[in-house]
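I have placed the structure first, in the form of structure tokens, so that the comments after it can refer back to it.
The values are calculated or read from the model by the stated rules, or taken from the named source; none is laboratory data. On a predicted model such as this, the values are computed, not experimentally measured, just so you know. Don't worry about glycine lacking a Cβ; one is built from the backbone with ideal geometry, like all the others, and counts go over all protein chains shown. These accessible areas exclude ligands, DNA and RNA; they are computed on the full protein's heavy atoms, side chains included. Shrake-Rupley method; radii C 1.70, N 1.55, O 1.52, S 1.80 Å.
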Amino acid sequence: MIRVGVLGAAGRMGQQVSRAVEDDPDLALVAAIDPQAGGQSIGALIGTPENPVKISEELDKLLQAEVEVAVDFTTPATVMDNVRWAIEHAVHIVVGTTGISAEQLGEIEYLLEKEGGESNVIVAPNFAIGAVLMQRFAAEAARFFPAVEIIELHHDGKVDAPSGTALDTAMRLAKEREAWNGPDDESMAGVRGGDLDGVRVHSVRLPGLVAHQEIIFGAPGQTLTIRHDSLDRASFMPGVLLAIKASHGRPGLTVGLEPLLDAQ
């Protein structure tokens, strides 16, 4: 049984992850970290009052609980400090917090090498298996369509824009095709969205949404739309559980859920 600690345990995703870990017979929820909810019972929050774990404000609780794998769903402002701590203390970590840059991924690789590779790190911008397949299908379509734009839609509590999934998708599409320079004239600043190597990205933030993305391809006389919708945060849990269980066997840094799916 894998001993798991959840960082950001009192947040919406943190509670969902904690509940999924608690329900999995191969995992044990032995620690919960959240500076905003120290002292509360994680069991009471997730509907399993028999779990005795109290939420702690300090990462050192992970060591006291002999955590093998930490799962981070915190904020872009704190996630790198948590990753650095996990590497320094030889704790495997699965990171679902978005906003990690290419430079920060480079830092993670450097730290893993510096510390001797005792910790494994999995960073994924999206744990929904359908979203991973959406990106894979889009990369194939990009070879045949000259133009593409991305629209990503998330709940109004999401603090980064565009989403990590949209950025990752745009980068993958840019590698598969020559940049398409579409019209960029604007009568209102920003309405054409952001531009990453010729791929326009538009972000929508509204209450009632969870996580949605569509990729619209255009060619003379036709369009192709590939869309994925997460209607509930439960959609991320199979991917999170897969990453937790795979972390022991993934030395170094793994980026994205796709390598884990390909290993199945």
- request: Output the residue which, of all residues in the range 221-264 that are part of a loop (DSSP other than H, G, I, E, B) and in contact (Cβ under 8 Å) with a residue 24 or more places away in the chain, is nearest to Asn181 (Cα to Cα).
  value: Gly256
query: Is the range 54-66 home to any residue that is open to solvent by 20 Å² or more (accessible area, probe 1.4 Å), in contact (Cβ under 8 Å) with a residue 40 or more places away in the chain, among the acidic types (Asp, Glu) and more than 23 Å from His212 (Cα to Cα)?
result: yes
message: Restricting to the range 236-255, count the residues that are in contact with a strand residue (DSSP E or B) (Cβ under 8 Å, 6 or more places away or on another chain) and small (Gly, Ala, Ser).
response: 4
- prompt: Can you name every residue in the range 144-166 that is out of contact with any Leu (no Cβ under 7 Å at 6 or more places or on another chain) and hydrophobic (A, V, I, L, M, F, W, C)?
  reply: Phe144, Ala147, Ile150, Ile151, Val159, Ala161, Ala166
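Return the residues of the range 1-33 that are surrounded by fewer than 24 Cβ atoms within 10 Å (Cβ to Cβ), in contact with a Ser or Thr (Cβ under 8 Å, 6 or more places away or on another chain) and in contact (Cβ under 8 Å) with a residue 60 or more places away in the chain; say none if nothing qualifies. First the steps, then the outcome.
Of the range 1-33, the ones surrounded by fewer than 24 Cβ atoms within 10 Å (Cβ to Cβ) are 1-3, 10-13, 15-16, 19-20, 22-28, 30.
Then drop every residue that is not in contact with a Ser or Thr (Cβ under 8 Å, 6 or more places away or on another chain), which leaves 11, 19, 22.
Within the range 1-33, just Gly11 meets the criteria.
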field: From the options Ala166, Ala138, Ala131, residue that is in a helix (DSSP H, G or I), in contact with a His (Cβ under 7 Å, 6 or more places away or on another chain) and under 19 Å from Ser230 (Cα atoms)
entry: Ala131
statement: Reported set for the range 17-50 where residues are in contact with an Asp or Glu (Cβ under 6 Å, 6 or more places away or on another chain) and within 22 Å of Ile93 (Cα to Cα) is Leu29, Pro35, Gly38
message: Any residue at all in the range 163-171 that's of a type in the set (Asp, Glu) and closer than 17 Å to Asp262 by Cβ?
response: yes
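Suppose we filter the range 76-106 for residues that are open to solvent by less than 30 Å² (accessible area, probe 1.4 Å), part of a loop (DSSP other than H, G, I, E, B) and either at pLDDT 95 or above or in contact with a Leu (Cβ under 7 Å, 6 or more places away or on another chain) (or both); how many remain? It would help to see each step written out before you state the result.
Initial filter on the range 76-106 (open to solvent by less than 30 Å² (accessible area, probe 1.4 Å)): 79-80, 82-83, 86-87, 91-98.
In the following step, the residues that additionally are part of a loop (DSSP other than H, G, I, E, B) were identified as 91, 96-98.
Filter again for either at pLDDT 95 or above or in contact with a Leu (Cβ under 7 Å, 6 or more places away or on another chain) (or both), leaving 91.
Final tally of qualifying residues: 1.
Can you tell me which residue in the range 191-220 is farthest from Val255 (Cα to Cα), limited to those that are assigned to a loop (DSSP other than H, G, I, E, B) and at pLDDT below 90?
If we filter the range 191-220 for residues that are assigned to a loop (DSSP other than H, G, I, E, B), which is where we start, we get 191-193, 197-198, 206-210, 220.
Right, trim to at pLDDT below 90 and you get 197-198.
On the way: Asp197: 21, Gly198: 23 Å.
For the range 191-220, the residue satisfying everything is Gly198.
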statement: Going through (1) farther than 29 Å from Leu231 by Cβ; (2) of a type outside the set (A, V, I, L, M, F, W, C); (3) in a helix (DSSP H, G or I); (4) open to solvent by less than 40 Å² (accessible area, probe 1.4 Å) one by one, Ser119 fails only at (3)
